[in-house]
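A short write-up of the structure that comes next.
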Amino acid sequence: MSSTSPNFKRIEVAPAYQKVADAIEREIVNGRIKPDDPIGTESELVQQFGVNRSTVREGIRVLEESGLIRRDSSRRLYACLPRYNKLASRLSRALVLHEVTFRELFETAMILEVAAIEYAVDHATDEDIAEIALNIEKTERSIANPAAFAELDAEFHILLAKASHNRVLQLAREPAGLLFFPTTEMVVRNVAEGMPRLIAAHHHLLDAIRKRDKQEGMVWMRRHVEDWRRGFERAGNSLDRPVERMYMEHALLAQQKR
């Protein structure tokens, strides 16, 4: 009788604390528990789930780290919206683990940043416009500091996404943005015209929002992202290298120069 190779993998049973966390998360995500609704105390959850306190405590820790629940001064638990920065950084780590390349980031940025300016033109408020204008002023004053300049460039794109008043778009672009925009510092340190071209593009994008000219905004955003690609390659980088490897190489070079 010949043996055959197995068709199925072993079933992995989730630990009890993960089942507790998943059950609470489902209620929040499905909207049956709203933000700021009480969830109860650890003791109450022990009774409801029929598990021990350490299991509930570990499940709660998982949810607190993801930003789905919070505690008040009385230690009672409440539902809340996931913190954008924690969610985005977790997804950014996933992108790194999958060894995404800068070409993939560039292609994604071309889609999401164009969408951001498109909706910002439609929905930006006077307050949004004032914030973007102030950002450009700060950027112009930071040309002697490439690191600060790059941070302000990243902030500019965050403000554009905010001005779209579309929270899904804001969340969608943030994980890739955390990996994509730090490369601005690499570009402006190595490409002489990088800073003036970037500032000029930001001015044109702000003008498009002020004029409510969607076509002009989309044209300038495509030019702006394409400018990044050219500058990135002129700085001696390859679009087809995994993100994390290149960052590690730049970090090592920076240490050697110290």
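The values are calculated or read from the model by the stated rules, or taken from the named source; none is laboratory data. The model shown is predicted, which means the values in this text are computed figures rather than measured ones. Heads up, the Cβs are rebuilt from the backbone with ideal geometry, glycines too, and the neighbour counts pull from every protein chain shown. Accessible surface is based on the protein model in full, side chains and every heavy atom, while ligands, DNA and RNA are left aside. Shrake-Rupley method; radii C 1.70, N 1.55, O 1.52, S 1.80 Å.
Numbers below:
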quantity: Qualifying position, being open to solvent by 60 Å² or more (accessible area, probe 1.4 Å), small (Gly, Ala, Ser) and either modelled with pLDDT of 85 or more or under 22 Å from Arg167 (Cβ atoms) (or both), among Gly40, Gly59, Gly50, Gly67; calculated: Gly50
quantity: Near pairs, Cβ below 6 angstrom, 6+ apart or cross-chain, from the range 225-247 (touching a residue at least 40 places away in the same chain (Cβ under 8 Å)) to any residue that is aromatic (Phe, Trp, Tyr) and part of a helix (DSSP H, G or I); calculated: Arg229/Phe106; Leu239/Phe102
quantity: Lone unmet requirement of (1) touching a residue at least 12 places away in the same chain (Cβ under 8 Å); (2) farther than 22 Å from Ser92 by Cβ; (3) open to solvent by 80 Å² or more (accessible area, probe 1.4 Å) for Ile158; calculated: (2)
quantity: Among the residues listed as Arg212, Arg241, Arg167, the single one being surrounded by fewer than 14 Cβ atoms within 10 Å (Cβ to Cβ), under 24 Å from the mean Cα position of the chain (by Cα) and either at pLDDT below 90 or assigned by the TED database to the domain that holds Ser92 (or both); calculated: Arg167
quantity: Set Glu193, Glu174: member being of a type in the set (Asp, Glu) and over 15 Å from Ala235 (Cα atoms); calculated: Glu174
